[in-house]
Structures are given as C-alpha cells and as structure tokens.
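The values are calculated or read from the model by the stated rules, or taken from the named source; none is laboratory data. Keep in mind the model is a prediction, meaning the values are calculated, not measured. Note that each Cβ is placed from the backbone with ideal geometry, even for glycine, and that neighbours are counted across all protein chains shown. When the accessible area is computed, the model is the full protein with side chains, heavy atoms only, and any ligands, DNA or RNA have been set aside. Shrake-Rupley method; radii C 1.70, N 1.55, O 1.52, S 1.80 Å.
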Amino acid sequence: MADVIKLMSDALANQIAAGEVIQRPASVIKELVENSVDAGATEITINVKDAGRTLIQVIDNGCGMSVTDAKMCFERHATSKIYKSDDLFCIYTKGFRGEALPSIAAVAEVELKTRREDDNIGTQVIINGSQFISQNPINTPVGTNFAIKSLFFNVPARRKFLKSNSTELQHIVNEFQRIVLTHPNIEFTLYHNDNLIYNLRASNLKQRIVNVFGKSINQELIPVEIDTSIVKITGFTGKPSATKRRSDKQFFFVNNRYMKSQYFHKAITLAYENIVRPDCIPPYFLYFDIDPHTIDVNVHPTKTEINFENTSDIFRLLQAGIRETLSKCDIAPAIDFEGEPDAEIPHFSKNDPIPPMPKVSYNPYYNPFDNDSEKNNNSSYHSNYNETSQHNLNNWQNLYSNFDNDSDIIMSSRFNSEQQSELTKNDSKPLFSESVENRLIQIKNKYIVSPSKSGLMIIDQHRAHKRILYEKYLDQINANVDAVQTLLYPIELPLDVQNFAMAYDIRDEFQVVGFDIEFNENNSLTINGIPSFLNQNNAIDIINDIIESYKEGHGNVSSSIKDILAIAAANREVISYGQTLLPEEMRNLIDSLFSTSAPNYSPEGNPTIIIIGLDELEKKFS
Ligand code: ADP
Ligand code: MG
C-alpha cells in the first residue's frame with residue numbers, strides 16, 4: 001500500500017495556526033501592536049473600520065525592517081526575538097513565536113510599508129491569503145505601517161463566526177486597554193471609522209489609568225506596594241467605596257504582560273471580604289514583577305494564561321498585602337507613621353512559612369450604648385485583641401495623643417498639657433478614652449467631629465454603628481452558638497410567587513445560618529425556628545431582606561448568606577441619623593469602631609470616617 005503521510009502546505013499550516021492565534025479582529029490588533037512595542041515605538045496609531053472587518057491598520061515609529069526582513073517576517077517561525085530554547089523561559093519581549101504575521105497573512109489581505117532610519121527609501125510588501133503578490137520600494141516614514149484588509153475573506157466559517165460590530169469593537173477596546181496599561185510611556189491613538197476613540201499621551205501609570213477610564217477613577221485608587229522575595233506587586237487597587245457590581249477594570253500583569261487569573265482574582269475578593277458587599281468587585285491594576293524562571297508563559301497560544309511555580313504563596317501574599325493596604329488607607333494620611341514599624345509584609349525566602357491572614361477579633365458583647373462597663377470591658381475581649389485591631393487602635397490613639405496642643409480649634413478639655421503628655425505616654429484605655437470623650441462634638445445628630453493630629457476627623461454615626469453591629473452579628477453567626485431558636489408559635493409568612501421561588505432556591509443557605517423554614521404549597525413559609533441571636537420581632541423583616549438581597553444580586557447564591565444576614569440584622573438595630581448621643585456613647589461608638597476589622601467602611605463599603613487635613617483647612621481660609 002502506498003505511503004499516506006504528506007507534509008501540509010505552508011499556507012494550510014498557517015491557516016490552521018491562524019485559527020489559534022487570530023480569533024477575531026482584536027487578536028490582530030494585539031499582535032500588531034505588540035510587535036510595534038517590541039520594535040521600540042514611542043507612538044502607535046490604530047485605525048479600525050467596521051470593527052476590524054474592513055480594515056485594521058497599525059502605524060508605528062519603531063525601528064522598521066530591512067527589505068529582506070519585510071518579506072521574511074511573513075515566514076512561519078520567523079522571529080528576531082528568540083534564538084535558543086532557553087530564551088523561551090526568560091521572555092521580556094512580547095512576541096517570540098514568529099507566528100503572528102504568517103497567521104494574519106494567511107487569513108487576510110496584508111499591506112506592509114516599512115523603513116529603517118538609515119534607509120533612504122522604504123519597502124512595500126503585499127500578501128493576500130498567504131500568496132505573495134508584490135514587493136516594491138516606496139516612500140514611507142521611519143517605522144512600520146501594517147494594513148490588514150478583509151479579515152477572514154478566505155475562511156467564510158470564521159467570518160460568519162464574528163459577532164456584531166459592537167461586540168467586536170468591545171473586544172478591540174479591551175485588548176487596547178490591556179496594552180496601553182502596560183506601556184504608559186508610549187503614546188497611543190485609536191480611531192474607529194475615522195472617529196477618535198482614545199488619544200493617550202505618554203505619562204505615568206496613574207495618569208494613564210485616569211486617561212483611559214476617566215477622571216473620576218483618580219479619587220478611587222489606593223497605591224499598592226507588596227515587596228517580597230518571591231514577587232513584587234505594585235499598582236493600584238480600588239477603595240472599597242469604588243467597588244461596583246459590574247466586573248470591569250480588573251487587570252493583572254506579569255512582567256508587563258496581561259494575565260487572566262480567576263485564581264488571583266479570588267485572592268483579591270477575599271481581601272475585600274466584609275469590607276464591601278459580597279457581590280461587589282473592586283477595580284484593580286496590579287503588576288507582578290517576578291523572576292521569569294519561576295513562570296511559564298508558554299501554555300497558551302494567546303499567552304494570557306501563565307503558570308507560576310509559587311502559586312499558592314503568591315495567592316496568600318496578594319491577599320494579605322491587599323488587606324493590609326486597605327486597612328491603612330484613609331486613616332494613613334491623618335497619622336504620623338514615623339517611628340512605627342512598616343506594615344508587616346516581610347521579605348520571604350522560599351522556605352519561610354507564609355504568615356496567616358491577620359485575623360480580627362473584637363468583643364461580640366460590646367454594645368456602645370450599654371454603660372455596663374464590666375461587661376464591655378470583659379477581659380477576654382482585651383486578651384483577644386489581635387494585631388489588626390490593635391493596629392487600628394494604635395492608629396486611633398495616635399490620632400488623638402499626637403494632637404497639636406496649640407491647635408486653633410478650641411475644645412473644652414479638663415486636661416492641661418502636662419496631663420495631656422502623660423496621656424500620650426499612657427496607653428491605658430480609660431485615660432485615653434476620657435481625653436477623647438472631651439474632644440467629641442456631635443453635629444446635626446449625624447456626625448461626630450473631633451480634632452486629629454493632621455486636621456479634623458468626622459465620623460458618620462449611622463454607618464459606624466452599622467459596621468460595629470455587622471461584625472458583631474457575623475461573629476455570632478460564625479460562632480454558631482446553639483444555632484436555632486425554636487419558636488413556640490411558628491410564624492406564617494405569605495410570599496408572592498417570585499419571592500417564594502427565590503426563598504426556595506436558597507433554602508439551604510437559610511438553614512446554614514439557623515432558620516428552620518417549611519415551604520408550603522400556597523407560596524407561604526412557616527417559620528419554625530430562627531437564628532438564636534435574632535429578635536423574633538425582626539425575623540420576618542430579616543427574611544424579607546435576605547430574599548430581596550438575593551434578588552438584587554440576580555440570584556447570585558455565592559454571595560455569602562452570612563454577610564447578608566449580618567447586614568440585615570445590623571440594619572434592624574442601627575442608630576439612625578437624628579439620634580442625640582451622650583459623650584460617653586460617642587466614645588464607646590468610636591472605641592468599638594476602631595476595634596473592628598475595617599473601621600473605615602460600612603459593611604456596604606461606604607466611608608465611615610472622613611479626615612479633613614490641615615492643608616485643606618488652610619486652603620479654605622486663604
Ligand atoms: P514574533 O513577534 O513572535 O517575533 P511576528 O510574526 O509577530 O513574530 O513577527 C515576526 C518578526 O517581524 C518580528 O520578530 C520582527 O523582527 C518583525 N516585525 C514585526 N512587526 C514589526 C514592527 N512593527 N516593526 C519592526 N519589526 C517588526
Ligand atoms: Mg509578534
């Protein structure tokens with residue numbers, strides 16, 4: 001029998017490769033722009049027509065190509081960027097497979113114009129569907145100009161597979177954003193159907209983010225700096241108040257290459273747990289700087305997935321580092337950190353054990369409006385103080401104890417400055433508290449105001465109290481002490497069809513936290529038992545709240561029932577605006593707030609504390 005194996009033609013091989021590398025117009029833009037970046041361009045302009053179906057043009061002012069290279073670059077595995085297999089593991093350039101241009105040329109009509117600085121005349125190459133058409137000298141500026149026309153003209157199945165123009169354009173914009181966020185020092189311009197979409201001047205990273213996403217994001221970002229021997233992570237993460245239900249503006253980059261990672265995304269969401277609503281996602285722009293020998297970028301042809309040697313270590317460093325960043329934000333500018341040790345993100349060597357996440361405990365029995373100090377000062381509460389709450393409390397004490405005695409803000413204080421300096425030395429709570437109490441003012445029965453070292457601190461009483469109650473309930477739910485409180489008289493709760501269906505969907509969640517509920521055929525619930533800490537009078541409202549929360553989250557059962565229940569229970573009890581507070585109550589409220597895991601934010605992620613700096617005050621008076 002005759003031999004059956006034959007070598008494929010290059011054209012066919014390229015078309016098959018194109019299937020992997022070039023999935024849609026956005027992939028063409030990615031490949032061409034990455035080549036421009038590798039070519040050292042400082043300005044890159046992209047013209048797109050009909051979401052890339054008709055034309056994708058990328059013009060750069062990079063190094064350009066010689067006459068020979070301009071033809072060679074369309075050959076399979078032709079690359080100027082990798083010479084030996086070792087290089088595969090130490091990649092700093094974007095390309096390295098020499099696959100992109102032959103793949104693009106296999107499925108489109110391509111015109112290349114290019115010139116190097118030292119050449120007087122440039123060269124033009126035309127290739128259609130892998131077919132070489134012509135090469136001619138041409139006048140063209142230094143750099144490279146690729147025009148890709150009629151993408152997939154010879155692969156009807158692919159062309160049909162393209163989505164609507166608006167979807168394809170969205171893919172293009174996503175790809176564009178990933179590239180521009182890794183190269184803020186390059187100027188990028190994007191046109192669609194001759195309309196200018198972006199013109200991004202060279203700038204620093206923060207400015208680039210603002211230029212891409214709009215001015216409002218400027219206020220929403222906190223700088224991140226996590227420096228360990230395994231990985232260095234820098235960039236920005238969103239303030240809890242900036243979290244949105246929509247998931248966009250989440251970016252990881254590894255050695256300046258965009259990376260998709262559900263796994264590391266999870267580390268971030270864990271860092272924000274209990275600080276923002278469970279269904280909200282913060283924006284983040286995080287750049288990993290890592291020894292290229294410890295990663296493998298070569299696992300996927302489009303190179304957005306990356307394997308790490310130390311995945312789980314990095315996960316924990318990321319989670320702890322972001323959590324630490326959040327715990328410092330907002331308070332940080334008000335406090336003089338001088339003399340305080342830096343945030344505890346130590347330098348690791350590979351063999352060091354990774355420290356556990358800072359765990360937060362506080363006194364679950366603490367009621368700021370209960371003057372029974374025996375109970376509130378319960379000694380196990382103090383001995384249970386762990387690092388984070390102690391850290392918060394230290395911040396808080398600094399805020400007060402370092403205050404400027406010559407402050408122009410006149411407050412009635414029983415303490416003279418000698419006693420005050422005594423106080424500064426003395427960390428004991430009662431003394432400290434007394435000094436605080438005498439510096440608290442309630443405004444409009446809504447805000448608590450107090451001087452601080454660097455200006456003025458304003459606390460929202462309602463949100464602060466909600467944070468305290470939320471953590472108290474969350475703790476009780478987690479402790480799960482005799483979970484169910486069986487009701488003597490079961491309560492009947494009629495629901496509409498939709499709410500009944502939703503309640504039924506989450507029946508397991510209800511049970512987990514201590515509800516004993518029967519589902520009746522007439523769309524009503526019979527409530528036989530409720531979590532032990534709940535007041536029976538609130539039970540119906542809270543069940544309704546939980547159902548509504550799940551409905552709002554579009555049935556997203558992954559939102560933790562515990563969070564929702566804790567927020568719902570807190571909402572039933574939280575002090576409202578308009579409630580007058582005694583000095584002692586204000587003090588208790590603030591003490592408790594600073595013992596929580598995230599004093600700066602309500603459980604919904606709204607700010608509880610605002611600091612107005614002296615600078616700002618001075619500006620107002622100028
Ligand atoms: P890779 O980027 O993996 O090397 P490509 O097929 O994308 O493979 O490109 C092949 C080669 O063509 C590159 O290695 C480079 O030498 C050259 N090249 C491509 N685009 C440009 C450009 N815009 N400017 C200069 N040279 C380029
Ligand atoms: Mg390339």
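Roll a 1.4 Å probe over the protein chains and send me the accessible area per residue for segment 177-289 in Å². Let's see the in-between values first.
Working: 4710 Å² over 113 residues.
On a per-residue basis, 42 Å².
Which shape class applies to segment 116-210: rounded if a/c is under 1.5, otherwise prolate when a/b exceeds b/c and oblate if not, where a ≥ b ≥ c are the square roots of the Cα gyration tensor eigenvalues?
Details: a/c = 2.76, a/b = 1.12, b/c = 2.46.
Here segment 116-210 falls in the oblate category.
Over 22 Å between C-alpha atoms is what I'm after, so list which of 244/444; 206/328; 113/160; 444/619 land there. Write out the running numbers ahead of the final one.
On the way: 244/444 30 Å; 206/328 20 Å; 113/160 30 Å; 444/619 25 Å.
Long pairs (Cα-Cα over 22 Å): 244/444; 113/160; 444/619.
Please work out how much length the chain gains when fully extended from residue 215 to residue 507, using 0.36 nm per residue of separation minus the C-alpha to C-alpha distance, in nm with one decimal.
Fully extending the segment from residue 215 to residue 507 adds 100.7 nm.
With r defined as the distance between the Cβ atoms of residue 201 and residue 577 and R0 fixed at 51 Å, what FRET efficiency is calculated, to the nearest 0.05? Could the numbers behind the result be given before it?
Details: r = 45 Å, r/R0 = 0.88.
So, using R0 = 51 Å, E works out to roughly 0.70.
Please list the three semi-axes, largest first and in whole Å, of the ellipsoid equivalent to segment 510-593, using sqrt of 5 times the eigenvalues of its alpha carbon gyration tensor. Present the calculation step by step, with values, prior to reporting the outcome.
Working: eigenvalues 183, 44, 28 Å².
Calculated on Cα positions only, the semi-axes equal 30, 15, 12 Å.
How large a share of the accessible area of segment 501-543, in percent, is made up of carbon and sulfur atoms when the probe is 1.4 Å and the other protein chains stay in place? Display every interim value, and only then the final one.
Details: 680 of 1970 Å².
Carbon and sulfur atoms account for 34 percent of the accessible area of segment 501-543.
How many percent of Cα pairs in segment 191-277 exceed 20 Å? Mind showing how you got there, number by number?
Values: 1677 of 3741 pairs.
For segment 191-277, the fraction of Cα-Cα distances above 20 Å is 45 percent.
What is segment 131-266 by shape, rounded, prolate or oblate, if you read a ≥ b ≥ c off the alpha carbon gyration tensor as root eigenvalues and call it rounded for a/c under 1.5, prolate for a/b larger than b/c, and oblate otherwise? Show your work: numbers first, answer last.
Values: a/c = 1.98, a/b = 1.68, b/c = 1.18.
It comes out prolate by the Cα gyration axes.
So how exposed is residue 496, as accessible area in Å² (1.4 Å probe, rounded to 10)?
90 Å²
Within the set 453/620; 239/466; 239/453; 215/266; 266/453, which residue pairs have Cα atoms separated by over 26 Å?
Details: 453/620 18 Å; 239/466 19 Å; 239/453 23 Å; 215/266 28 Å; 266/453 37 Å.
Over 26 Å Cα-Cα: 215/266; 266/453.
Are there any chymotrypsin sites (Phe, Trp or Tyr not before Pro) in segment 92-170 that are in a DSSP loop and have at most 15 other Cβ atoms within 10 Å? List them by number.
Values: sites: 92, 96, 132, 146, 152, 153, 161; in loops: 92, 96, 152, 153.
Passing both the DSSP loop test and the Cβ count: 92, 153.
Can you check how the C-alpha radius of gyration of segment 481-534 compares to 2.2 N^0.38 Å, as a plain ratio?
Numbers: Rg = 11.1 Å, N = 54, 2.2 N^0.38 = 10.0 Å.
Taking N as the residue count of segment 481-534, the ratio is 1.10.
FRET efficiency for residue 524 and residue 159, Cβ-Cβ distance as r, R0 = 60 Å, nearest 0.05? Before the final figure, lay out the partial values.
Numbers: r = 55 Å, r/R0 = 0.92.
Working from the Cβ atoms, E equals 0.60.
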